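The values are calculated or read from the model by the stated rules, or taken from the named source; none is laboratory data. Everything numeric here is computed off the predicted structure, so don't read it as measured data. Cβ: placed from backbone, ideal geometry, glycine included. Neighbour counts: every protein chain shown. Ligands, DNA and RNA are excluded from the accessible area calculation, which covers all protein heavy atoms including side chains. Shrake-Rupley method; radii C 1.70, N 1.55, O 1.52, S 1.80 Å.
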Amino acid sequence: MPERRFAVFGHPVAHSLSPAMHNANFRALGLDAVYERRDVVEADLAANLGDFRSGGVNCTIPLKRAAYDICDRLDESARRFGVVNTLRFDAGGGLTGFNTDGIGFLRDLEESLGCSPAGRSVLVFGCGGAGRAIAITCACAGARVVALANRTPERMTALAAELADRAPGVPVRQTSGDAQAWTAACRDADLVVQCTSLGLHDGDPFPLGADAFHRGQKVYDLVYTTPVTPIMRAAQAAGAATQNGLGMLIHQGAASFTIWTGLQADLAAMRAALTTGR
Ligand code: NAP
């Protein structure tokens, strides 16, 4: 049995890449550790934690709120989002909750596109779980304005209200749900963050007009299963700089690793595990 055991709990599809990425990092650093995935339902969350006291646990969909609720202490990152993706077993007992999604996005945005949301007009396209995290992150990172667009208006309205609460100084615009309005909102933004699940599957609709993008824009697509998504392709054709979500996945995992161990992760090993399978 390895000295330290780590795991991700939640929906299998949402965490399918995490073990390969973390185990590659452990090998690169010479650690006697293993990271596994465990399909856990909310009622069994607490009972499953015991096996991983030597390491740590990530929680993903649909357990992030339940993970928040069982913590003894919450880091500021967890309080900011109201959900937890990283659980740390503390030396004196007890469980501290963190959220590394925001820092993962900000680090990769800086690394891959050389920018931050600060001072920028940001369009967050998609107001599901990921869109909510990105919108809060951008607003708290000093975006000049955050525009929201979502197919279901109620979700967008709820997120706008939450942003007004969490980042009161940042203007929030809502874009009602048709392709023409989304295209105009996209054109107006310096930074577009694609947070819908569109692009995950071949044949997904492309919901924006051809004039949505232009030179000078940064376009970040959270989808990480496709190197170049349809939105990235359209943005590249218009001269915009683009990036997919693989780096965010790696950086949020690396940030969890540092929380658990105090060590810096081997980012290159994590990336190689996801891109070449090694
Ligand atoms: P989610 O909570 O289920 O939200 C899905 C979003 O996609 C909602 O905004 C939904 O709009 C929208 N959507 C779905 N089908 C659509 C369509 N046909 N037209 C327009 N909008 C549509 O999922 P999530 O957790 O936010 O994840 C969203 C994406 O982000 C996924 O691809 C996921 O893999 C990716 N992600 C990446 C990372 C990373 O580290 N790179 C992290 C988290 C998530 P409605 O509200 O109208 O349903």
**Q.** Relative contact order %, the chain, counting alpha carbon pairs below 8 Å whose residues are six or more apart
**A.** 17
(Q) Leaving out ligands and nucleic acids, and using a 1.4 Å probe, what accessible area per residue does the range 102-244 come to in Å²? (A) 44
(Q) Taking 25 Å as R0, compute the FRET efficiency from the Cβ-Cβ separation of Arg166 and Ile70 and round it to 0.05. (A) 0.65
Q) Which value in deg cm²/dmol, rounded to the nearest 500, describes the helix-derived mean residue ellipticity at 222 nm for the chain, given -39,500 (n - 2.57) per DSSP H run of n ≥ 4 and division by the residue count? A) -12000 deg cm²/dmol
Q. Which value, in debye to the nearest 20, describes the size of the charge dipole of the chain about its Cα centre when Lys and Arg Cβ atoms bear +1, Asp and Glu Cβ atoms bear -1, and nothing else is charged?
A. 340
Q) Quick one: if the Förster radius is 51 Å, what FRET efficiency do Glu3 and Arg215 give, using the C-beta to C-beta distance and rounding to 0.05? A) 0.45
Q.
Using a 1.4 Å probe on the protein heavy atoms, what percent of the accessible area of the range 102-244 belongs to carbon and sulfur?
A. 52
Q.
Taking R0 as 41 Å, what FRET efficiency do you get between Arg271 and Asp51 from their Cβ-Cβ distance, rounded to the nearest 0.05?
A. 0.90
Q | Under 12 Å, Cβ to Cβ, from Lys64 - net charge with Lys/Arg +1 and Asp/Glu -1 | A | -1
Q: Quote the charge dipole size of the range 102-244 about the Cα centre in Debye, to the nearest 20; the model charges only the Cβ of Lys and Arg (+1) and of Asp and Glu (-1).
A: 240
Q. The range 195-213 to the range 1-62: how many Å between their Cα centroids?
A. 32
(Q) Between Asp204 and Thr152, what is the label-point separation in nm under the 7 Å Cα-to-beta-carbon projection? (A) 1.7
Q: Report, in debye and to the nearest 20, how large the dipole of the range 37-158 comes out about its Cα centre when Lys and Arg carry +1 and Asp and Glu carry -1 on their Cβ.
A: 340
**Q.** By average C-beta atoms within 10 angstrom, highest first, the peptides 134-143, 226-235
**A.** 134-143, 226-235
Q) What does the convex hull of the alpha-carbon atoms of the chain project to on average, in nm²? A) 14.4
Q) In a Debye calculation with equal point scatterers on the alpha-carbon sites of the range 102-244 and no solvent, what is log10 I(q)/I(0) at q = 0.14 Å⁻¹? A) -0.56
Q: Over the range 2-43, give the accessible area per residue in Å² for a 1.4 Å probe, as an integer.
A: 48
Q. Put +1 on the Cβ of every Lys and Arg and -1 on every Asp and Glu Cβ in the range 102-244; which of Ala235, Gly131, Gly169 then has its Cα farthest towards the positive end of the dipole?
A. Gly169
